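Undergrad: Pasting a structure below so you can have a look.
Every number here is computed from the coordinates shown, using simple stated rules; none is lab data. Only a predicted model underlies this, so the values are computations on that prediction, with no experimental measurement involved. Positions of Cβ are backbone-derived with ideal geometry, glycine not excepted, and every protein chain shown enters the neighbour counts.
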């Protein structure tokens, strides 16, 4: 298993959240998620300006054999999406924690991040799911 | 075999079924027949039905089908293959479907096509659901459906979409033209509408002002769903070229492309769309790719939209489609080619025009609408259509469809009549002569003729 | 193989296939006209015939190969049924032809309705749904119409086992329902304990396949039916596996309220490379008013159509006309040829063949997913051990089978059995064919141990080798265009 960046927060839907410190967060899928899905062929994202709600679907990542909803881990307004995924969805396979990020959201409330898992807790979750 | 399994009788293999659930003999089912016996029965029954000359269109058209079409389509390798899930063992079906998709995009001038849906009516229902999903600019689930769309299609659409909260709004037609007057859309300007359906030709055979309607819809952020007859498109502007931007989704009944009338099915529904909407498209889609050695091949693609992967979130529940009918349609289009298809369409157009001219020379018989048509016309008789049609049927002439049930506003006297390329001058003359006789005998009184005895 | 377009030459034609006279279309106003002809290929008749004959030869089919595709019932499709359904009189009948000109066809439809009622133990049958999934839609729509007619609007959930076909949840959603999954117990039956906890005032119904997609007969079906009914829900029977029990046990007797049948499976109409099918629905008395139209009724010696005006509570029509009539005629011929004595034999031989294969495959070293259970008409083996120990997966086995001239069984379905093959030999295969299949399965198992690369690179002997699905989905190539070949 690859190392989980410790500065990120994680969700049980295998997404990660990075606090950018300016009231916005960046969201992506974890390395574990991309591995489970296999080669990604398409990523559907909301549009900039859309409002998103924690726990609600805000996009889809699709491989040849599966399509998985992206559940937004936080509530707020979409302020950026990763345009490069439209042509090269495989970026989310190759660099899930970096260039393969999905979207940026301006938080309605920064305390939302408190409920998310840290890297250790997420590592335990993956280990538990493997059994 | 029983020994290998370790049981004494075949019955033992059913021992997990609770004994009290088991059924006895199926007495309501007749005893077995040999192929010869059932052949005799079916032959009698088929002869009973098949003698009439057909001037009914109304969504199913009597075209010539080249002999090679069904001889090839019923080859066991096409006829008895399954859905091409094992691509390497199904290149025949897959490449054929890719060729079909290519031909349909050419005929409709759209970017992409799926590999078929059940029929024209269910294809329209799927197109409506697709448009509601795809139109991101619209928050409503309202779709405008003209009353000039086939009445059965309108019912099917309602029956399929109403449980998903889609609101269908009926657009009236112009009573002299039999088309949607683009002015009627003014009432909806500025309203949130997900899509507008445009039939071309419409159910009455009349040509709609597709360019104006398309541009109105796009100006109002609504998507255009074109509902078209593929044979008519050999003469008429294809949906991809309607108005400034073209239609967004195009669907219709594929029967005129090689499927016999056959009591209404199996036919196939086709569905095409813009490239940007491809992931909202229901049904199977074939894509070209390469094999391990870099050799071209074909495979099912974009399957993650479909029910076997996406389950409750699939674009549709459709699984089985109409593959064999598409096989026939592909061969049919290849045999006709662009010029042949145009000749078929032109012959239909010409025949219908000739028939209408001939009929309206009769006293009291009129063409109901004054606008251009493709290969169908609403004909108004001087008396109620029902009795006249019955009398003509007794002469084995099916003169058209009585419109009084579905369009009471047209009164009791209107029929929808069609003459495809298969109708001969003699048949059309015979219809005219017999109609004249029936009308003179009836003189407005109820028909005395009874249908043939069986 | 080259595309049909690559044989095309400008101006080439099969002139005898279209009208010789050129119709006059000058009266069509300019604004409605097509400007450029559609880019269809231009070919001679012989070129077309040769191209599609050659293409057909690149298919596996029942007529050419053993095709043990689980849950698909790939049995022999009698040629007689095809020939008789394509008699000129049947092909020429317009769907709007008057009843006076339809009595022969309608007699067949009426008798088919009656035979399907008897075979399934249901009160009434409508033939119109075009395929299994449309039958499912009709069935769930009827369940909804029933609850709504009683003002029972709180029932918003359809229960579906985790092993169900994907169409089940998709159909329920199309009817506006929410889907709740129910787990399967260790023996492959519905987990009744879990079922009890989800049944309640929100339950509209449950969709079950029995025998299930796991290839076993749910022994507690009575108990399940009673519990669902007590909770106020209805039971839907997915007829995908009806072949296993034909003439042995009937869904109506098990307590089901509504069922669909796949005539392209159980009644041996052809699969046609993906369709058409036919998905008639049968119902118990309380759902009869909601059946989709049209249906055929008999009045003395005359047959007449039942349409919307005769059935005001119907969920309505689901296709423009009467569904896939030609498929229904084929099923009718098949059922008449089997007759009451032949119908139970379908289940007997299908079950015998499946149990024989299951037993012999286990002897060869394959692992049954449910070794304690009888196979029905199909069964599951799991290759998880081979995947773990030898690094060859189910797909590798499947592709290697193609090399030996056998179509692969269904792979990776149902989703809850890892690395599975769902095998359905059907009743029409002889013992020699089954033995030849077993011999090859033995050989492949040996290859997996000694030469695993043979499996991983398979197929080697087909028109193409393994295809790049990822490329197909990323670089979409869905239609040929004239610009392609310059």
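Undergrad: Do you know the relative contact order of chain B, to the nearest whole percent, from alpha carbon pairs under 8 angstrom that are 6+ apart?
TA: In percent, rounded to a whole number, it is 20.
Undergrad: Taking the Cβ of each residue in B:242, B:354 as the centre, tally the other Cβ atoms inside 10 Å and list the residues starting with the fewest.
TA: B:354, B:242
Undergrad: How would you order C:30-39, C:275-284 from highest to lowest mean count of nearby Cβ atoms within 10 Å?
TA: C:275-284, C:30-39
Undergrad: Mind ranking B:93-99, C:425-431 by how tightly packed they are, going by the mean number of other C-beta atoms within 10 angstrom, highest first? Before the final figure, lay out the partial values.
TA: Values: B:93-99: 28.4, C:425-431: 19.4.
Highest mean packing first, the order is B:93-99, C:425-431.
Undergrad: Treat each spin label as a single point 7 Å out from the Cα along the C-beta direction, and report the residue C:37 to residue A:20 distance in nm.
TA: Roughly 5.7 nm, to one decimal.
Undergrad: Still on this structure, I have one more. Tell me whether the stretch B:67-332 comes out rounded, prolate or oblate; compute the Cα gyration tensor, take square roots of the eigenvalues as a ≥ b ≥ c, and use a/c under 1.5 as the rounded threshold. All intermediate terms of the calculation are to be shown ahead of the outcome.
TA: On the way: a/c = 1.94, a/b = 1.56, b/c = 1.24.
The shape class here is prolate.
Undergrad: Turning to a different aspect of this structure: With each run of n ≥ 4 DSSP H residues scored as -39500 (n - 2.57), what mean residue ellipticity at 222 nm is computed for chain B after dividing by its residue count and rounding to the nearest 500 deg cm²/dmol?
TA: One gets -10500 deg cm²/dmol as the mean residue ellipticity at 222 nm.
Undergrad: Quick one: if the Förster radius is 45 Å, what FRET efficiency do residue C:53 and residue C:152 give, using the C-beta to C-beta distance and rounding to 0.05?
TA: The value I calculate is 0.20.
Undergrad: Subtracting the Cα-Cα distance from 0.36 nm times the residue separation, let me have the gained length for residue C:481 to residue C:30 in nm, one decimal.
TA: Taking residue C:481 through residue C:30 to full extension adds about 159.7 nm, to one decimal.
Undergrad: Another question, if that's okay. Could you work out the mean count of beta carbons from other protein chains within 10 Å of each residue's beta carbon in C:126-135?
TA: Average neighbour count from other chains, rounded to a whole number: 5.
Undergrad: Can you tell me the convex hull volume per residue for the stretch B:121-173, based on C-alpha atoms, in Å³ to the nearest whole number?
TA: Numbers: hull volume 3.5 nm³, N = 53.
Convex hull of Cα atoms, per residue: 67 Å³.
Undergrad: Same structure, new question: Roughly how crowded by other chains is peptide B:292-300, in terms of the mean Cβ count from those chains within 10 Å of each of its Cβ atoms?
TA: Working: counts 8, 3, 2, 4, 6, 10, 6, 9, 6.
Mean number of neighbouring Cβ atoms from other chains: 6.
Undergrad: Neighbour counts of other C-beta atoms within 10 Å: give me B:36, B:325 arranged from fewest to most.
TA: On the way: B:36 8, B:325 28.
Lowest to highest Cβ neighbour count: B:36, B:325.
Undergrad: What is the order of B:85, C:177, C:67, C:76, fewest Cβ neighbours within 10 Å to most?
TA: Exposure proxy ranking, most exposed first: C:76, B:85, C:177, C:67.
Undergrad: Run the helix sum for chain C: -39,500 (n - 2.57) per DSSP H stretch of 4+ residues, divided by residue count, reported at 222 nm to the nearest 500 deg cm²/dmol. Walk me through the intermediate numbers first.
TA: Numbers: 16 runs with 181 residues, N = 486.
Mean residue ellipticity at 222 nm (helix-derived): -11500 deg cm²/dmol.
Undergrad: Also: Compute the separation of the alpha-carbon centres of the stretch A:66-109 and the stretch B:9-84 and state it in Å as a whole number.
TA: 52 Å
Undergrad: How crowded by other chains is B:419-426, given as the mean number of beta carbons from other chains within 10 Å of each beta carbon?
TA: 1
Undergrad: Report, in whole Å, the centroid distance computed from the Cα atoms of the stretch A:1-46 and the stretch B:159-199.
TA: If you average the Cα positions of each part, the centres end up 44 Å apart.
Undergrad: Would any residue of the stretch B:355-371 have its amide N under 16 Å from a label point 7 Å out along Cα→Cβ of residue B:436? List them or say none.
TA: B:355-366
Undergrad: Oh, and also: Would you mind pulling out the separation of the Cα centroids of the stretch C:115-162 and the stretch B:213-280, in Å?
TA: Answer, in whole Å: 31.
Undergrad: 7 Å from Cα along Cα→Cβ at both residue C:79 and residue C:178: what's the point-to-point distance in nm?
TA: 5.6 nm
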